[in-house]
Amino acid sequence: MSNTSYQSYLRENQYEIEKNVAYGLENDYLITIYQDKRYKYFIIPLPSITEEEKKRVLNYLKLQKKEFKLVRISFDNTVLILKVKEGLTSISVEMLKDIINTVTKFLKEQQIAVGKHCIFCGKDNANKKIKITRIQYYMHQSCYDKAIEGIEKEKEKEGPKKDRGFLGALIGTFIISIPWILLGDYSWFVGFITFLFASFAFKFYLMFNGKLTKNTKLLIALATIIVTIVSEILILVINNITLSELFTNTNRELLLTLQLGLLMSIIGLLPILRQFKYMNVK
Ligand SMILES: [Zn+2]
């Protein structure tokens with residue numbers, strides 16, 4: 001949990017703050033601090049660290065495990081990650097300072113990853129700071145440009161992916177509807193298959209590069225309803241039943257199946273459409 005003294009520490013030490021993440025510089029090391037509900041993460045990229053040095057760092061920090069309430073000390077490649085447990089209250093600023101100082105001083109004394117090593121080429125004197133997955137690294141401007149150029153070329157090669165989401169939704173829904181079409185007059189409970197229509201529509205929509213926009217909900221609903229109706233018509237065709245015959249006494253059970261199928265496909269839509277509430281659609 002963030003408290004005022006933590007925030008003022010960050011400000012005093014010229015951290016850049018973005019929501020629950022803070023980017024700073026301590027003893028010449030870039031440090032990213034994540035604030036989670038009951039944990040703080042200290043993330044320190046050490047691009048030029050060797051395997052032997054990693055072991056040294058881990059062994060040293062294990063000795064401070066208890067004192068600093070470290071629940072995790074690890075490397076993700078060359079990035080040092082420390083996870084500090086916080087109880088109901090945050091750790092004190094003194095403790096925070098102590099952790100940061102202890103770690104960065106040790107690194108400096110041991111001459112581990114000193115300087116500004118580029119995350120891209122590994123060489124020193126990188127002055128640009130960039131953020132990748134919300135962790136701050138050093139990078140050479142030239143390496144940055146090269147990387148961007150590479151990404152752009154890669155994109156050009158692929159070409160823009162065509163949005164065939166709606167087609168995908170129709171295909172996906174149709175695939176799952178096949179057992180229903182074949183067994184349509186078999187028993188009324190088969191109608192429950194239609195409950196799955198919307199989830200297949202959505203899965204295939206995404207598989208066919210369908211974009212997530214405000215209209216996506218409508219397209220999923222449309223695909224679901226269209227396929228439901230088409231498969232119901234196919235059931236009638238396969239069973240050689242005309243629309244007027246459907247409403248006669250002999251076909252009462254089939255009529256019930258078809259009604260239930262339509263109802264279940266609509267009910268199946270609801271949880272899928274509700275998902276959109278939590279998505280960031282433009
Ligand atoms: Zn570089």
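Of the numbered conditions (1) at positive phi; (2) crowded, with 17+ Cβ neighbours inside 10 Å, ASN240 fails exactly one; give the number of that condition.
Against the list (1) at positive phi; (2) crowded, with 17+ Cβ neighbours inside 10 Å, ASN240 comes up short only on (2).
Looking at LEU260, LEU270, LEU222, LEU256, which one is assigned by TED's automatic domain parsing to the domain that holds ALA201, part of a helix (DSSP H, G or I) and in contact with a Ser or Thr (Cβ under 9 Å, 6 or more places away or on another chain)?
Residue meeting the stated conditions: LEU260.
Given the condition more than 16 Å from the ligand (Cβ to nearest atom), in contact with a strand residue (DSSP E or B) (Cβ under 7 Å, 6 or more places away or on another chain) and not polar (S, T, N, Q), answer yes or no: does some residue in segment 105-122 qualify?
Within segment 105-122 (the criterion being more than 16 Å from the ligand (Cβ to nearest atom), in contact with a strand residue (DSSP E or B) (Cβ under 7 Å, 6 or more places away or on another chain) and not polar (S, T, N, Q)), the answer is yes, since at least one residue qualifies.
Looking at (1) surrounded by fewer than 19 Cβ atoms within 10 Å (Cβ to Cβ); (2) touching a strand residue (DSSP E or B) at 6+ places or on another chain (Cβ under 6 Å); (3) of a type in the set (Val, Ile, Thr), can you tell me which one ILE135 breaks?
(1)
Name the residue that is farthest from LYS203 (Cα to Cα), counting only residues in segment 135-163 that are away from the ligand (no atom under 16 Å from the Cβ) and either over 23 Å from the mean Cα position of the chain (by Cα) or modelled with pLDDT of 90 or more (or both).
Only one residue tops the list, namely LYS153.
Any chance segment 196-205 includes a residue that's in contact with a Leu (Cβ under 6 Å, 6 or more places away or on another chain) and of a type in the set (A, V, I, L, M)?
yes
Are any residues in segment 233-253 without any contact (Cβ under 8 Å) to a residue 40 or more places away in the chain and assigned to a helix (DSSP H, G or I), and if so, which ones?
Selection gives ILE233, LEU236, VAL237, LEU243, SER244, GLU245, LEU246, ASN249, THR250, ASN251, ARG252.
The values are calculated or read from the model by the stated rules, or taken from the named source; none is laboratory data. Values in this document were obtained by computation on a predicted structure and should not be read as measured data. Cβ sites come from the backbone with ideal geometry, for glycine too, and all protein chains shown count toward neighbours.
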